[in-house]
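Take a look at the structure set out below.
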Amino acid sequence: MTTEPLLPAALAAIRPLDAPAMEAARRRQAELTKPAGSLGVLEDASVRLAGIHGTCPPPYPDEFVVAVFAADHGVVASGVTPWPQEVTGAMVENFRRGGAAVNVLAAEAGGTVVVVDIGVVGDVDEDAVVWSRKVRRGTADLAHGPAMSRTEAEQAIEVGIGVAAELVDAGYGVIATGDMGIGNTTASACLVAHFTGLPAEEVTGPGTGVDDATLKHKTDLVAGAVGRLAEDADPIDVLAEVGGLEHAGLVGLVLGAASRRVPVVLDGVIAGAAALVVRALAPDAVDHCFAGHRSTEPGHHAALALLGLRPLVELDLRLGEGTGAALAFPLVRASAAVLRDMATFDDAGIGS
């Protein structure tokens, strides 16, 4: 039996936010028992939620999940990080046991964590927490050529679309992005540099922590890899050349969620880089996203600026995993509660 490709169907299903629902949300915000605009970004978030769901008030998101896409990067062999590649697989096991920061923070917010092995080099067992969706065992070294083939990039995107569909069908009302992959800030800097047009030195950061010499080497490597790309290169070709398998999975996750009109809370620079690919493929999908936070990585600042997304929290985070998205989820939920539960001036018998 032939299976229809998921990517074209997802792209075709993505629509702009519902303008009448957003206008209804703005009107209701103006009628609530508070000075207009006094809840700031929460008001903007509630309007976006209404637009995503096409109704005001939008559904209250009881259930959320952090989908952590895990993959390895061949560029580690070029000395861009002091951390060995084996850490990726070890952290997958830590996620499985519930011992990572994202497990703790997601639980505090009432959420769940699932891990998608989309490209870990080592063997990873599958269970209810860790899903095996491996496209290949890590990328090639992007310093010397394409990280993966276009076919592999498309396969990884479709993995993400499929994961989004499974999570939506399981009843999750909000999906948050997570990631794990030693070396993935290098690939992220490449994607951000290409899509923003900014020089490598403005978007390449220390990641999990490198010394000045390593940062200089990392920056030069990013500049060289991005220099291979044509300015008007196809977005999926760019992803294949300098991206990571987890980036591709996150691209699919956002596209899949947007095609089902489900909001996505983006985490840090890895998710921001993936969202730039989403923007190039389907700009309306970005409107289904919330920026959970703004990390200390300079590439994330550049990505959010181009995406036009304002972070919900800013706590100098640079861990990844989905930690910032997990921390931000209660604010997304609170914005829905405001529209649903606050009294209007008429309800309260107060002259506005």
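Suppose the filter is open to solvent by 30 Å² or more (accessible area, probe 1.4 Å) and out of contact with any helix residue (DSSP H, G or I) (no Cβ under 7 Å at 6 or more places or on another chain); does residue 108 pass it?
When the stated conditions are applied, residue 108 passes them.
Being open to solvent by 20 Å² or more (accessible area, probe 1.4 Å), in contact with a Cys (Cβ under 9 Å, 6 or more places away or on another chain) and modelled with pLDDT of 95 or more narrows it down to one of 266, 229, so name that one.
Values: 266 fails: open to solvent by 20 Å² or more (accessible area, probe 1.4 Å).
On inspection, the qualifying residue turns out to be 229.
Out of 328, 336, report the one residue that is farther than 30 Å from residue 184 by Cα and of a type outside the set (Val, Ile, Thr).
Working: 328 fails: farther than 30 Å from residue 184 by Cα.
Checking each option against the conditions leaves just 336.
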Quiz item: Looking at (1) surrounded by 12 or more Cβ atoms within 10 Å (Cβ to Cβ); (2) closer than 30 Å to residue 166 by Cα; (3) of a type outside the set (Gly, Ala, Ser), can you tell me which one residue 8 breaks?
Solution: (1)
Quiz prompt | Subset of the stretch 204-231 (residues that are in a loop (DSSP other than H, G, I, E, B) and more than 17 Å from residue 273 (Cα to Cα)) | solution = 209, 210, 211, 227, 228, 230
Quiz item: Residues of the stretch 1-56 being free of Cβ contacts under 8 Å to residues at least 40 places away in the same chain and of a type in the set (S, T, N, Q), which ones?
Solution: 2, 3, 38, 55
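Looking at the structure I just gave you, is residue 201 closer than 21 Å to residue 133 by Cα, at pLDDT 95 or above, of a type in the set (D, E, K, R) and surrounded by fewer than 23 Cβ atoms within 10 Å (Cβ to Cβ)? Write out each step before concluding.
On the way: closer than 21 Å to residue 133 by Cα: no; at pLDDT 95 or above: yes; of a type in the set (D, E, K, R): yes; surrounded by fewer than 23 Cβ atoms within 10 Å (Cβ to Cβ): yes.
No; evaluated as a whole, the condition is false for this residue.
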Practice problem: Hey, can you tell me all the residues within the stretch 79-93 that are open to solvent by 20 Å² or more (accessible area, probe 1.4 Å) and either under 17 Å from residue 65 (Cα atoms) or in contact (Cβ under 8 Å) with a residue 12 or more places away in the chain (or both)? | Solution: 79, 81, 82, 83, 84, 85, 86, 87, 89, 91
Quiz item: Looking at (1) hydrophobic (A, V, I, L, M, F, W, C); (2) open to solvent by less than 40 Å² (accessible area, probe 1.4 Å); (3) more than 28 Å from residue 110 (Cα to Cα); (4) over 18 Å from the mean Cα position of the chain (by Cα), can you tell me which one residue 187 breaks?
Solution: (4)
Practice problem: Report the residue count in the stretch 1-33 for those that are modelled with pLDDT of 95 or more and in a loop (DSSP other than H, G, I, E, B). | Solution: 6
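Looking at 115, 76 in this structure, which one is touching a residue at least 60 places away in the same chain (Cβ under 8 Å) and open to solvent by less than 20 Å² (accessible area, probe 1.4 Å)? Before the answer, list the steps.
Details: 76 fails: open to solvent by less than 20 Å² (accessible area, probe 1.4 Å).
One residue alone meets the criteria, 115.
One line per residue, one yes/no per condition, for (1) in contact with a strand residue (DSSP E or B) (Cβ under 8 Å, 6 or more places away or on another chain); (2) over 20 Å from residue 88 (Cβ atoms); (3) free of Cβ contacts under 8 Å to residues at least 60 places away in the same chain; (4) among the β-branched types (Val, Ile, Thr):
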{"residue": "152", "(1), (2), (3), (4)": "no, no, no, no"}
{"residue": "161", "(1), (2), (3), (4)": "no, yes, no, yes"}
{"residue": "173", "(1), (2), (3), (4)": "yes, yes, no, no"}
{"residue": "188", "(1), (2), (3), (4)": "no, no, no, no"}
Practice problem: Considering (1) in a helix (DSSP H, G or I); (2) among the small types (Gly, Ala, Ser); (3) closer than 27 Å to residue 286 by Cβ, say which one residue 70 fails and leave the rest. | Solution: (1)
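Conditions (1) more than 30 Å from residue 244 (Cβ to Cβ); (2) crowded, with 16+ Cβ neighbours inside 10 Å; (3) among the small types (Gly, Ala, Ser), marked per residue:
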residue: 21; (1), (2), (3): yes, yes, yes
residue: 28; (1), (2), (3): yes, yes, no
residue: 40; (1), (2), (3): yes, no, yes
residue: 60; (1), (2), (3): yes, no, no
Practice problem: Report, by residue number, each residue of the stretch 34-55 that is over 16 Å from residue 287 (Cβ atoms) and either of a type outside the set (Ser, Thr, Tyr) or part of a helix (DSSP H, G or I) (or both). | Solution: 34, 35, 36, 37, 39, 40, 42, 43
Exercise. At least 3 residues that are open to solvent by less than 10 Å² (accessible area, probe 1.4 Å) in each: list the helices (runs of 4 or more DSSP H) lying fully within the stretch 284-350 that qualify.
Key: 298-307, 323-341
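The values are calculated or read from the model by the stated rules, or taken from the named source; none is laboratory data. Computed from a predicted structure; not experimentally measured. Here the Cβ is made from the backbone with ideal geometry for all residues, glycine too, and neighbour counts use every protein chain on show. Only protein heavy atoms, including side chains, enter the accessible area calculation; ligands, DNA and RNA are left aside. Shrake-Rupley method; radii C 1.70, N 1.55, O 1.52, S 1.80 Å.
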